[in-house]
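Remarks on the structure that follows.
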Amino acid sequence: MRVRTCLFITALLLCHPQLRPQTLTKQFPSASRTSSLPDAPGYPIAEVVNAAPAGVPVRIEADRQEEHGNIYTLTGRVEIDYKEYVLTADKVAYNSETKDVEADGHLRLMGGQNNELILADHGKLNFDLETGRFENVTGSIGRQPSASKRKLIYTTANPFLFTGRVLIKEGPERYQIIGGTMTSCLLPDPDWRIHSSLIRVNYGVAKAKSSYFTLLGVPILYLPYVTHPVNSETRQSGLLLPTIGTSSTKGTVIGDSIYLVLGRSTDITFGVQNFSKRGWSPSGEFRYRGRGEDFADARLTALFDRGLAPTYINEGGQDILFNGRRDFDLDEHTRAVAIGEYLSSYVYRQAFAESFALGVNSQVTSSVFITHNEGGSSASLHFDRYQNFEGLTLVGNTYDTPQIRIIHMPSLDLDTVDQPLEGTPARWSVDGSAAGLSRSEPGFATGGVGRFDLYPHLALPLHLDGWTFRPEVGARETFYTQSQIPTATTPLLGNATVNRSDLEASFELRPPPLVRDFKAPALERIFGSDVRHTIEPEILYRFVGGVNNFSSIPRFDAGDIVSDTNEVEYSLTQRLFLKHLHAKPCTSGDLPAPLNGIIYVPWSYTECGGDTSEWITWKLAAKYFIDPTFGGAVSPMRRNVLTSTLDFSGVAFLSGPRNDSPLISRFKVRTSEHMDLEWDADYDFKNHRMDASNIFADYRRESVFGSVGYSTLQALNASFTSSLASQVTKYNLLRLLMGYGAPSKRGLSIAANAGYDFTQDALQYGGVEASYNLDCCGLAFEVRRLALGAARNENQYLFNFTLAGVGAAGSLTHSDRIF
């Protein structure tokens, strides 16, 4: 028969002695003297700590027990729960006065503020002082016990695990491991470990001298001195693992970085790489994390390029990025945000960007703003800089890069959401701004141009039997301190001021959707669901009048392309919904199947169903322009971009006066929980051509993934002749991605991607990556090609060797990986 001795002391029992049970409970006073455990020669194990308060509860379980004064001898499945610790063993001698314990056979100690796990053959410890000595030890730090205090759940991906001939516990956060090893891999057969005659663990950092590093059981490296964090949240300054790689344009790449911890919330990394064919490439990163949402990040990359033989054209430069946010303590509605970038040379980005998407990005934007949002209104002061590089032209041994720069210096914006007009169903709002602006590009430049804009508007939303009506009226007044003078090519800057005034009106109509449910045995057999079909029509009429000086307005942003318009936009959206009738195995995000019409959410469930999901969505929309010239704003034989067209489609289509817009189609289908398909198309009936078509399909199921994208675009040229062939520039691109696995998946993972330009008949980029991961080490290889015109035609050979809890060596970074 298993005997349980449960020793609980509570404040109530201490205050009322007559209520104390006399059979299963007994008060044990806390230790009034230090531990009686002997010290190992040369290895002190005790430190001065405050004694535990009287009346700490103790719970003891054992198959058999003997009591001799304050000494309890416990045998057979012994368990002692004391404060944060749980001790189990085959045999235990426990002193209830001093809280000394001596345990033999399958000793297991769990708990403490460091979430310790100690497994040993024999051990002595003192619960109150948190000191002890253990023999033939295996253990870990960084483990969180479950409610039963028996299941191991590591709270970090890189826990600190150790083995040792002797473990001396000197206090709550101090240990000595004699004749031991440390690792971040699962025991008993870790992929790597560090061996040492003595390992000292003090307050989150393990240190050892004259140690050696083994990988898969093979000695690799002698380490005169080594440190290792006990948990992944501990940061230490030091050298990072080196970077090694090779490239057809960079040559052999060798580099290293140093990491410095500047405080609890700040760190910085400096590094440098040498490209054997190009020169030195320094880099750096600064990180700060403050209270709440406060943060600051800054990154620098650069290259001092001597050029690639035999031309030795300098393609070097610098790229600096900054992101930050600061919330004000005195006002929770106010914050400051900075997002900035400085790029000294576009050819540097094209030639050395680590990804295709970054290499072809010709835009550089920066914004710094302070904003206050409260009560449905917003006020912001911001400084913006926009830079767009318009291609590369080689002139001698340097590249000429024409560019456009637009600067807001600064801009003050005031905006409100719709506010109720007291006593009426009407809603009002006011938007306003005051800005200093400048723009420069080849052949055109402005100094500081002031712009002041005010736009009050009034709406009357109505709802009747599912019908929605929203009439709206407004007036816009915009004043510029300078104007522009239109010419046949690039406009000229005028000294005269210009004022733009307009009246605006719109009417939105949304009828109730048409709904029909389809229930049939055939549908249930095919889909396992009922099908619901909805049709949602929508009509929007919009009128803008009074803009009779459109060509005199200087262009800085979307607020400057407002024109007269008299138009109707109409759209039809169809949706198909599936209502699942049968329970199915639950996946992430599912709710359990309903029972008698009620959904119960237990702690765990395996059967889900009865939910409704959107299967197919198809939207068709078009505009009819009653005024085909937009009040004279449209010029023939050139690309015209107006607010009316920009809001409708991202593809410019106005090459002259016209009544009908292209028909836009937006089609989405979720073929299964693993696959999505989307097709966006703009078809121009006037010119009988597909302006844009983008097809994208994505598949994800467990470790298998893949996607394909096919895009065509016929973009209007800035100006052209009457020939249809001169109107557009054609683009035809294919994107592919397929693979199996994940970066952290155990075993083999492989993936490939590619981008092909059918117009140029050229591969823009492509790569193949393979990786193999063991328990806590992995090796990855990637071969890729980047072709970005004259500035870049490169083959890269990258690799990465990762050790959990140590770091990664090689040239394949996280941003370079295919998956």
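Assorted remarks:
Quick grid of which residues meet (1) of a type in the set (Ser, Thr, Tyr); (2) open to solvent by less than 20 Å² (accessible area, probe 1.4 Å); (3) part of a loop (DSSP other than H, G, I, E, B):
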residue: Thr269; (1), (2), (3): yes, no, no
residue: Asn274; (1), (2), (3): no, no, no
residue: Tyr288; (1), (2), (3): yes, no, no
residue: Gly292; (1), (2), (3): no, no, yes
residue: Thr301; (1), (2), (3): yes, no, no
residue: Leu308; (1), (2), (3): no, no, yes
residue: Glu341; (1), (2), (3): no, no, no
residue: Gln350; (1), (2), (3): no, no, no
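- Taken over the range 733-750, the criterion of being open to solvent by less than 80 Å² (accessible area, probe 1.4 Å) and among the small types (Gly, Ala, Ser) is satisfied by Gly739, Gly741, Ala742, Gly747, Ser749.
- Considering the range 441-488, and only residues there that are over 42 Å from the mean Cα position of the chain (by Cα) and in contact (Cβ under 8 Å) with a residue 24 or more places away in the chain, the residue that is nearest to Glu538 (Cα to Cα) turns out to be Asp465.
- Total residues in the range 442-481, condition part of a strand (DSSP E or B), more than 23 Å from Asp502 (Cβ to Cβ) and open to solvent by 50 Å² or more (accessible area, probe 1.4 Å): 6
- Residue check, Leu713 open to solvent by less than 30 Å² (accessible area, probe 1.4 Å), over 30 Å from Trp192 (Cβ atoms) and not in a loop (DSSP other than H, G, I, E, B): no
- The number of residues in the range 374-409 that are polar (S, T, N, Q), in contact (Cβ under 8 Å) with a residue 40 or more places away in the chain, open to solvent by less than 60 Å² (accessible area, probe 1.4 Å) and assigned to a strand (DSSP E or B) comes to 3.
- If the condition is being in a loop (DSSP other than H, G, I, E, B) and open to solvent by less than 40 Å² (accessible area, probe 1.4 Å), then the range 411-441 contributes only Ala426.
- The listed residue being in contact (Cβ under 8 Å) with a residue 60 or more places away in the chain and loosely packed, with under 15 Cβ neighbours inside 10 Å, out of Glu673, Glu702: Glu673
Condition check ((1) of a type in the set (Asp, Glu); (2) within 30 Å of Glu477 (Cα to Cα); (3) modelled with pLDDT of 95 or more) across all residues:
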site	(1), (2), (3)
Ser506	no, yes, yes
Asp517	yes, no, no
Arg525	no, no, no
Ser529	no, no, no
Arg532	no, no, no
Ile539	no, yes, yes
Phe543	no, yes, yes
Asn548	no, yes, no
Ser551	no, yes, no
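- Candidates are the residues of the range 482-508 that are open to solvent by less than 50 Å² (accessible area, probe 1.4 Å) and in a loop (DSSP other than H, G, I, E, B); the one that is farthest from Gly545 (Cα to Cα) is Pro491.
- Among the residues making up the range 650-691, those that are hydroxyl-bearing (Ser, Thr, Tyr) and either at pLDDT 95 or above or within 19 Å of Val544 (Cα to Cα) (or both) are Ser661, Ser665, Tyr683.
- Members of the range 630-644 that are in a loop (DSSP other than H, G, I, E, B) and crowded, with 16+ Cβ neighbours inside 10 Å: Phe630, Gly631, Ala633, Val634, Ser635, Arg639, Leu642
- Any chance Thr246 is open to solvent by 50 Å² or more (accessible area, probe 1.4 Å) and of a type outside the set (Gly, Ala, Ser): yes
- Candidate set from the range 608-629 (those that are open to solvent by 50 Å² or more (accessible area, probe 1.4 Å), assigned to a strand (DSSP E or B) and not aromatic (Phe, Trp, Tyr)); member that is modelled with the lowest pLDDT: Thr612
- Pick from the range 85-100, criterion closer than 26 Å to Gly204 by Cβ and of a type in the set (A, V, I, L, M), ranking: nearest to the chain's Cα centre (by Cα): Val86
- Only one entry in Phe322, Phe369, Phe383, Phe328 is farther than 30 Å from Tyr756 by Cβ and at pLDDT below 90, namely Phe328.
- In the set Val261, Val253, only one residue is surrounded by 17 or more Cβ atoms within 10 Å (Cβ to Cβ) and among the hydrophobic types (A, V, I, L, M, F, W, C); that residue is Val253.
- Condition check for Pro282: open to solvent by 80 Å² or more (accessible area, probe 1.4 Å) and more than 20 Å from Thr401 (Cβ to Cβ): no
For (1) without any contact (Cβ under 8 Å) to a residue 24 or more places away in the chain; (2) of a type in the set (A, V, I, L, M); (3) at positive phi, each residue gets a yes or a no:
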position: Leu713; (1), (2), (3): no, yes, no
position: Gln727; (1), (2), (3): no, no, no
position: Gly741; (1), (2), (3): no, no, yes
position: Leu748; (1), (2), (3): no, yes, no
position: Gln764; (1), (2), (3): no, no, no
position: Gly767; (1), (2), (3): no, no, no
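- Any hit, the range 537-550, residues being in a strand (DSSP E or B) and either at positive phi or out of contact with any Ser or Thr (no Cβ under 9 Å at 6 or more places or on another chain) (or both): no
- Entirely in the range 191-241, the strands (runs of 3 or more DSSP E) that have 2 or more residues that are touching a Phe, Trp or Tyr at 6+ places or on another chain (Cβ under 7 Å) and closer than 20 Å to Asn114 by Cβ: 192-202
- Condition check for Gly76: open to solvent by less than 20 Å² (accessible area, probe 1.4 Å), out of contact with any Ser or Thr (no Cβ under 6 Å at 6 or more places or on another chain), at positive phi and modelled with pLDDT of 85 or more: yes
- Residues of the range 111-123 satisfying the condition of being farther than 15 Å from Met182 by Cα, surrounded by fewer than 22 Cβ atoms within 10 Å (Cβ to Cβ) and in contact with a Leu (Cβ under 9 Å, 6 or more places away or on another chain): Gly111, Asp121, His122
- Residue under evaluation Gly245, criteria (1) more than 29 Å from Arg785 (Cα to Cα); (2) at pLDDT below 95; (3) of a type outside the set (Phe, Trp, Tyr), criterion not met: (1)
- Pairs, first over 17 Å from Val205 (Cα atoms) in the range 235-250, second open to solvent by 70 Å² or more (accessible area, probe 1.4 Å) and at pLDDT below 85, C-beta under 9 Å, six or more apart: Leu241/Val806
- The range 124-137, residues that are open to solvent by less than 10 Å² (accessible area, probe 1.4 Å) and either touching an Asp or Glu at 6+ places or on another chain (Cβ under 7 Å) or farther than 15 Å from Asn95 by Cα (or both): Asn126, Thr131, Phe134, Val137
- Only residues that are open to solvent by 60 Å² or more (accessible area, probe 1.4 Å) and assigned to a strand (DSSP E or B) were counted in the range 324-339, giving 4.
The values are calculated or read from the model by the stated rules, or taken from the named source; none is laboratory data. Note that this is a predicted model, so its numbers are computed, not measured. Using ideal geometry, Cβ is built from the backbone for each residue, glycine included, and neighbour counts are taken over all protein chains shown. Accessible surface areas use protein heavy atoms only, side chains included; no ligands, DNA or RNA. Shrake-Rupley method; radii C 1.70, N 1.55, O 1.52, S 1.80 Å.
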